[in-house]
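To keep things clear, I will list the structure first and then write my remarks on it.
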Amino acid sequence: MAKEKETKFEDKIKELETIINELESGDIDLEASIEKYTKAMKLVKECDDKLKNIEEQVNKIVKENGELENFTVEE
Amino acid sequence: MNNKYLTVSVINRYLKDQFDRNEHLRTVFLKGEISNFKGHTTGHLYFSLKDENSRINAIMFASNAKKLKFVPADGKKVLVTGRISIYEATGSYQIYVDDMQEDGVGNLYLAFEKLKADLEKEGLFDQKYKKPIPKYPNRIGIVTAPTGAAIRDILSTIKRRYPICQTLLFPCLVQGEYAADDIVRNIELANTYDLDVLIVGRGGGSIEDLWSFNEEKVARAIFASRIPIISAVGHEIDFTIADFVADLRAPTPTGAAEMAVPNLTDLSKYINQLSIRSKEAMIKQVNYQKLRLDSIKSSYILKSPMIMFDNRKQKLDILVDKLNINILNKTKIYRQKINHLKSNYLLNNPKELYSDYVTNLANLLDKLELVNPLHVLKRGYSVTYNQSNKVIGSIKKVKKDDLVKIRLVDGYVESKVIEIVKEVYNG
């Protein structure tokens, strides 16, 4: 099975949300906010990329012997 | 002649009376199969119930029909409770149905209620066991029939909303005797895979069709699942035990897919919104810092630093003055002290003292000279001493024949007292 290469999409979104709350709270110093801002932008790009290049996932089916096979529904 | 003939309505009324008075007919439990069913717009239901060789008309008023738990249709075997009476207009008798259940359903229904109560008591439905459904799943497992509407709806919905998500189908029976075991096997199998969420369900059907999802073993498998489960069994109105145990109940397979995955367009809009918010926050922060810096720069100190020195200078002058005054005072005091000391010193100067003493002495001597009793001798006076060399001031201090010594200016005379004459000197 495809192992999770990079951190899960969900974790990225969560991290992005926390950074933005910190930035908006405004009580962090300039250096920290610059650093956080760049990290936020990086995350935004990663999330966007993930959504943009939609290599459509192939649906799989678990055969009797446990093997996986592509599965398409007859429309 | 013709008065012994009754009218139809009279006879029908009479028969209705007979029916109504008969308490056996007042509550009747009837089993049969529905036929020529007609639902009236008023909501009243007209049909008949038949068995292999007989039939009876039936009517169910809308108020009761509303409470039906299934959709009545020709051919359905049902269990009915109601009362039998005559409809005078047609003279035909019929059963007025209060409650109707699918036959074979009756006991199923009871079993369902009982199991539901037991599992509820055991806590399988408690909210605290409900696992949260991940918002952005990477891989979704689906336990349902490989054919049919359910899997088609689920996959098409996921493809439409969130194609970047992988799905993994665990094909299983969803109906019939072996379905329950097959569902359990597949749920357990799915738990051995790295899945974010599991959709378990099937398309619509009768209560018998859905029954495997009411089985206890399926309920326990769902409860034990490590992966959060969305149940999607039948139509909106169908509630199975699986729905109560699942972490989230979806009204339909499509609904399940919509709950499992976010909508891509909404998501990218959201991410876009997040990036805008972070830019704005950053701009706000930078502006704030700029403002702070400007206000500092415009402060008078930086504008004209000399002021600071002026202040300092002025302060310095003040301090210098103070210093001088202090020093002056101090020196004055010290000078006074010194003078004082000096004068003391002078006063106490031994030479000074000496001459003082000398003058004092001389003065004393003069004074002595003046009062020197012997000085008087020069003027012819004399002083008489007794043998113990004491001055004799009065005749009482001497007796006859005493030896005395008379001191004259130029010496003294040893003499003897021949006579004492008392005579007071009245000066």
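The values are calculated or read from the model by the stated rules, or taken from the named source; none is laboratory data. If you're wondering where the values come from, they're calculated on a predicted model, not measured in any experiment. Neighbour counts run over all protein chains shown; Cβ positions are idealised from the backbone, glycine included. Just so you know, the surface numbers come from the protein's heavy atoms only, side chains and all, with ligands and any DNA or RNA stripped out. Shrake-Rupley method; radii C 1.70, N 1.55, O 1.52, S 1.80 Å.
Here are a few things to note about the model shown:
- Note on region B:44-77: residues that are hydroxyl-bearing (Ser, Thr, Tyr) and in contact with a strand residue (DSSP E or B) (Cβ under 7 Å, 6 or more places away or on another chain) amount to 2.
- Only strands (runs of 3 or more DSSP E) whose full extent lies in region B:108-207 are considered here, and the ones with at least 2 residues that are in contact (Cβ under 8 Å) with a residue 40 or more places away in the chain are B:139-144, B:197-202.
- Among the residues making up region B:51-96, those that are open to solvent by less than 30 Å² (accessible area, probe 1.4 Å) and among the β-branched types (Val, Ile, Thr) are B:Ile56, B:Ile59, B:Val78, B:Val80, B:Ile84, B:Ile86, B:Ile95.
- Restricting the first member to region B:1-21 and to residues that are assigned by TED's automatic domain parsing to the domain that holds B:Ile84, and the second to residues that are hydrophobic (A, V, I, L, M, F, W, C) and assigned to a helix (DSSP H, G or I), the beta-carbon pairs closer than 9 Å and six or more apart or on different chains are B:Phe19/B:Leu25.
Residues checked against (1) at pLDDT 90 or above; (2) of a type in the set (A, V, I, L, M, F, W, C); (3) open to solvent by 70 Å² or more (accessible area, probe 1.4 Å):
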residue	(1), (2), (3)
B:Asn3	no, no, yes
B:Lys16	yes, no, no
B:Thr42	yes, no, yes
B:Ser48	yes, no, no
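- Within region B:235-249, the residues that satisfy the criterion of being in contact with a Ser or Thr (Cβ under 7 Å, 6 or more places away or on another chain) and buried (at least 19 other Cβ atoms within 10 Å of the Cβ) are B:Ala242, B:Asp243, B:Ala246, B:Arg249.
- Within this structure, A:Ile19 fails the test of being facing chain B (nearest Cβ under 9 Å), closer than 30 Å to B:Ile151 by Cβ and at pLDDT 85 or above.
- Number of the exception - B:Ile142 against (1) farther than 16 Å from B:Asp247 by Cα; (2) more than 36 Å from the chain's Cα centre (by Cα); (3) open to solvent by less than 50 Å² (accessible area, probe 1.4 Å); (4) within 14 Å of chain A (Cβ to nearest Cβ): (1)
- Of residues in region B:257-287 being without any contact (Cβ under 8 Å) to a residue 40 or more places away in the chain and acidic (Asp, Glu), the one farthest from the other protein chains (Cβ to nearest Cβ): B:Asp266
- Residue in region B:107-114 that is over 50 Å from the mean Cα position of the chain (by Cα) and away from chain A (no Cβ under 14 Å) present: yes
- Long-range neighbours under 9 Å by Cβ, at least six apart or interchain, first residue over 16 Å from B:Leu155 (Cα atoms) within region A:50-70, second of a type in the set (Asp, Glu) and modelled with pLDDT of 75 or more: A:Lys63/A:Glu69
- Residue within region A:30-44 that is at the interface with chain B (Cβ under 7 Å from one of its Cβ atoms) and modelled with pLDDT under 85 present: yes
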